[in-house]
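Presented below is the structure to which this report refers.
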Amino acid sequence: MKKFLNSQTTDSPKPRELGEDDSLRLIPLWSIILAIVVFLGSMYFFNHAPPPHRRPGSLPMHLIMGYTTGTALASYMLLIGYVSRDVKRRNMPALLWMLVVVVMPGGIGAVVYFLLRQPVMIRCPHCTTELTAGVHFCPQCRFQVAPVCGQCFRGVQITDAFCPQCGHDVSEDGGPARLRAYSDK
């Protein structure tokens, strides 16, 4: 088993592409550290900084204010870190979008970014043409990038035995061996 795992990790020619489920890995370490510092600073400011007058029984309100303010500011720091890496992955102007996200008040810049961001681009393994993530064939060299059904030509998952749209047996299509890596046959 250990030999099998080692062969899989050493035989891969390029690093694995980030999918939608790996989007949290885009948050950089500096953003995580900054979010922790901002959260702890907010908790300290609301709970330990000496106020000019403190009423008896106001401790729960100070705790709630420190926690909610710290959580909101820390989440904003994580969002800025996410955008700083995601904008590079989508080949968009990083400085412009970082200014939009940071300068526009109340998180409006982040909403604008998520509404206007470009799709993730991948490279064709055969001719290195930039492609959008949803294509199945390269328009330059006709290289099959993703598995498709041989009958209806719609996209299928690499582990599907039958096409979910038309029910065709995908293993009969004779697709490229690199796309049949997980087939049972």
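Read-outs: derived from the displayed coordinates by stated rules, not from any lab. On a predicted model such as this, the values are computed, not experimentally measured, just so you know. Positions of Cβ are generated from backbone atoms using ideal geometry, with glycine treated the same way; all protein chains shown enter the neighbour counts.
What does the extension gain come out to for Ile108 and Thr128, with contour length at 0.36 nm per residue minus their alpha carbon separation?
On the way: separation 20, 0.36 × 20 = 7.20 nm, distance 3.60 nm.
Roughly 3.6 nm would be gained on extension.
FRET efficiency for the pair Phe143 and Met92, taken as 1/(1 + (r/R0)^6) with r the Cβ-Cβ distance and R0 = 35 Å, rounds to 0.85.
Sequentially through the range 149-154, phi angles give Karplus couplings (6.51, -1.76, 1.60; θ = phi - 60°) of 6, x, 9, 9, 6, 9 Hz, Gly and Pro residues having no value and appearing as x.
For the range 43-148, give the magnitude of the charge dipole about the Cα centre (Cβ charges: +1 Lys/Arg, -1 Asp/Glu; no others), in debye to the nearest 20. Don't jump to the answer; show the numbers that get you there.
Numbers: 9 positive and 2 negative charges, 13 e Å.
For this selection, approximately 60 debye.
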